[in-house]
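Q: Structure provided below as structure tokens; questions to follow.
The values are calculated or read from the model by the stated rules, or taken from the named source; none is laboratory data. A quick note: this is a predicted structure, and the numbers were derived from the prediction, not measured. No Cβ is skipped: glycine too gets one built from the backbone with ideal geometry, and neighbour counts run over all protein chains shown.
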Amino acid sequence: MEIIWNDRKRHLGLPLSFTKYSLSEDRLFRETGCFTIREEEILLYRISDISLTRSFIQRIFGVGTVCVQSSDKTCPHLDIINVRDPRAVKEIIFQNVEAAKEKRRMRATEILDDDDGEFLGDDDMSNDGCAAEA
């Protein structure tokens with residue numbers, strides 16, 4: 001297994017933590033603990049959303065938090081906290097998620113319902129991709 005990216009949770013911009021993050025071509029890993037080590041992993045094709053949060057203090061120290069949402073039963077939400085260059089990390093994860101889905105020939109489809117439970121087709125969508133209001 002080849003590791004594409006790895007980093008540690010940082011405090012004041014320094015990697016002074018027992019929390020490690022890594023990414024392979026098919027999984028995202030988090031390892032926490034010193035004496036008792038806990039490992040969590042998410043299969044990349046199960047990731048449904050990736051977001052980035054950077055507080056004022058995180059921006060000062062050049063770190064951020066990448067939030068990963070998945071359909072994984074044991075770990076539906078994984079925060080990659082205080083990592084260096086978070087925008088690049090988010091992009092690396094996104095590219096590998098797309099590659100993993102393509103490899104498995106998966107196609108993500110979102111079904112939009114209105115309040116009445118009726119499917120909104122392409123004709124009901126406005127130009128910005130949001131459901132048109134009636």
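Q: Just for the range 1-37: of the residues that are without any contact (Cβ under 8 Å) to a residue 24 or more places away in the chain and of a type in the set (Val, Ile, Thr), which one is farthest from ALA99 (Cα to Cα)?
A: Out of the qualifying residues, it is THR36.
Q: Mind listing just one residue for me: the one in the range 1-12 that is outside any strand (DSSP E or B) and out of contact with any strand residue (DSSP E or B) (no Cβ under 6 Å at 6 or more places or on another chain) and, of those, farthest from GLN95 (Cα to Cα)? Before you say what the answer is, go through the steps one by one.
A: To start, the set of residues in the range 1-12 that are outside any strand (DSSP E or B) comprises 1-2, 9-10, 12.
Cutting the leftovers down to out of contact with any strand residue (DSSP E or B) (no Cβ under 6 Å at 6 or more places or on another chain) gives us 2, 12.
Numbers: GLU2: 16, LEU12: 29 Å.
Filtering the range 1-12 for residues that are outside any strand (DSSP E or B) and out of contact with any strand residue (DSSP E or B) (no Cβ under 6 Å at 6 or more places or on another chain), the one farthest from GLN95 (Cα to Cα) comes out as LEU12.
Q: If you check CYS75 against the conditions, is it touching a strand residue (DSSP E or B) at 6+ places or on another chain (Cβ under 8 Å) and either without any contact (Cβ under 8 Å) to a residue 40 or more places away in the chain or not acidic (Asp, Glu) (or both)?
A: Details: touching a strand residue (DSSP E or B) at 6+ places or on another chain (Cβ under 8 Å): yes; either without any contact (Cβ under 8 Å) to a residue 40 or more places away in the chain or not acidic (Asp, Glu) (or both): yes.
In short, yes.
Q: Those residues that are of a type in the set (Ser, Thr, Tyr) and surrounded by 19 or more Cβ atoms within 10 Å (Cβ to Cβ), I need them from the range 67-96; list them, please.
A: Pass one, the range 67-96, residues of a type in the set (Ser, Thr, Tyr): 70-71, 74.
Within the range 67-96, SER70 is the sole residue that qualifies.
Q: Any residue that is touching a Pro at 6+ places or on another chain (Cβ under 9 Å), modelled with pLDDT under 95 and acidic (Asp, Glu) - is there at least one of those in the range 38-53?
A: no
Q: Within the range 14-115, considering only strands (runs of 3 or more DSSP E) that don't extend past its boundaries, which have at least 3 residues that are acidic (Asp, Glu) and more than 17 Å from the chain's Cα centre (by Cα)?
A: Where strands (runs of 3 or more DSSP E) fall fully within the range 14-115, none carries at least 3 residues being acidic (Asp, Glu) and more than 17 Å from the chain's Cα centre (by Cα).
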